[in-house]
Amino acid sequence: MKSMTGYGEAAAQGRQAKIAVQFRTLNHRHLDIQLRVPREYLSIEEDIRKSIRQRISRGRVDLFITRSPLKGQGRKLELDEALLRQYLSSLGRAKRKFALKGEVDISLCANLPELFQLREGEVREEDERNLVLKTVDLALRNLERSRAREGRQLQLDLQTQVRYLRKISVGLAREGEKIGFRLRDSFPVREGGNSLESQREAMEAGGANFKGAIHEEVVRLKTHVEELARLIKEPEAVGKRVDFLLQEIQRELNTISSKAPQLAVVQSVLAGKEKVEKIREQVQNVE
């Protein structure tokens, strides 16, 4: 079992830059991938999404990738030689035309900042693509460890709640047997009649306390609880299936309380509903 919440990160260094990858996952009904990557890596976004989908089936996934150029590798200072040539030509003409004195030297260039342009170094995609994907994979593995660690705690809590549900279903089965006995004892088979007719009459005449036997509902309830116990032990994503199974358990509990509104039955049903609600809260965090 894995939790949908977790965190994982990794970093690596290439020839031109250092790459840092951070994953954060949160609860979500479906798989929602949000990428925040430098423009240099836009062309490999789909490869990154594919790697995520192979490991995560449900939840919101926030991915942050930062690229930090190494010193001397990230930026390049360029001289606009064509512009400098125009400056020198214009100054030479002005000197001759107006009989100016002095020489043009390098200090002129320092006072003309537009002659220089600071450009980001070109990134060759093939040089960093594999490095980025490997770093993403490493961060994903760290994320999975985080999700599995929290998932183990969730699983332990769910197993505790399921044990309580088992006890409740066993108690309801005993109450169901008592109801069945009282129905049969209170309405014996008439001469010339049959047991089915007598049971039907019992269900019709039993009043508020005996609306009908709950044997079938209890059997279905116990079956659902056992399936729930089996399901939470599976290693794959089970969140949606557990949520559906909880709806079925809730339905059986509601039916039982409506058919046999006795104090002991109602108390057991309320306790069962409380456990179902606790499991449902926890399952919101399960992949």
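The values are calculated or read from the model by the stated rules, or taken from the named source; none is laboratory data. No experiment lies behind these values; they were computed from the predicted model shown. Methodologically, a virtual Cβ is constructed for each residue, glycine included, from the backbone with ideal geometry; neighbour enumeration extends over all protein chains shown.
Just a few scattered comments:
Residue-wise test of (1) closer than 21 Å to Ile33 by Cβ; (2) buried (at least 17 other Cβ atoms within 10 Å of the Cβ); (3) modelled with pLDDT of 80 or more; (4) among the hydrophobic types (A, V, I, L, M, F, W, C).
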position: Glu114; (1), (2), (3), (4): no, no, yes, no
position: Glu122; (1), (2), (3), (4): no, no, no, no
position: Arg149; (1), (2), (3), (4): no, no, yes, no
position: Leu158; (1), (2), (3), (4): no, yes, yes, yes
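- Among the conditions (1) without any contact (Cβ under 8 Å) to a residue 60 or more places away in the chain; (2) buried (at least 18 other Cβ atoms within 10 Å of the Cβ); (3) assigned to a helix (DSSP H, G or I); (4) not hydroxyl-bearing (Ser, Thr, Tyr), Asn254 misses just one, which is (2).
- Arg241 meets the conditions (1) buried (at least 16 other Cβ atoms within 10 Å of the Cβ); (2) in contact (Cβ under 8 Å) with a residue 12 or more places away in the chain; (3) part of a helix (DSSP H, G or I) in every case but one. The failed one is (2).
- Close pairs from region 91-111: first under 22 Å from Asp80 (Cβ atoms), partner of a type in the set (Val, Ile, Thr) and at pLDDT below 80, Cβ under 8 Å, at least 6 apart: Leu91/Val104; Gly92/Val104
- Among residues of region 63-90 that are on the phi > 0 side of the Ramachandran plot and modelled with pLDDT of 80 or more, none has a beta-carbon under 6 Å from a residue that is surrounded by fewer than 14 Cβ atoms within 10 Å (Cβ to Cβ) and assigned to a helix (DSSP H, G or I) at least six positions away or on a different chain.
- Test: residue in region 80-102 that is within 30 Å of Glu281 (Cβ to Cβ) and among the hydroxyl-bearing types (Ser, Thr, Tyr): no
- Residue within region 90-103 that is of a type outside the set (S, T, N, Q) and assigned to a strand (DSSP E or B) present: no
- Residue, farthest from the chain's Cα centre (by Cα), within region 10-52, restricted to residues that are closer than 29 Å to Glu281 by Cβ, modelled with pLDDT of 95 or more and not hydrophobic (A, V, I, L, M, F, W, C): Gln22
- Filter result for the condition that a residue is within 30 Å of Asp243 (Cβ to Cβ), part of a loop (DSSP other than H, G, I, E, B) and of a type outside the set (Val, Ile, Thr), over Ser57, Ser51: Ser57
- Some residue of region 54-76 being within 24 Å of the chain's Cα centre (by Cα), β-branched (Val, Ile, Thr) and closer than 21 Å to Gly239 by Cα: yes
- Selected residue (criterion: farthest from Glu144 (Cα to Cα)) from residues of region 25-43 that are touching a residue at least 40 places away in the same chain (Cβ under 8 Å) and surrounded by 14 or more Cβ atoms within 10 Å (Cβ to Cβ): Glu40
- Condition check for Val269: modelled with pLDDT of 90 or more, within 29 Å of Arg58 (Cα to Cα) and surrounded by 15 or more Cβ atoms within 10 Å (Cβ to Cβ): no
- Output for region 264-280, where each listed residue is under 21 Å from Gln153 (Cβ atoms) and touching a residue at least 12 places away in the same chain (Cβ under 8 Å): Lys275, Val276, Lys278, Ile279, Arg280
- Of the residues making up region 61-82, those that are farther than 18 Å from Lys18 by Cα and surrounded by fewer than 18 Cβ atoms within 10 Å (Cβ to Cβ) are Asp62, Leu77, Glu78, Leu79, Asp80, Glu81, Ala82.
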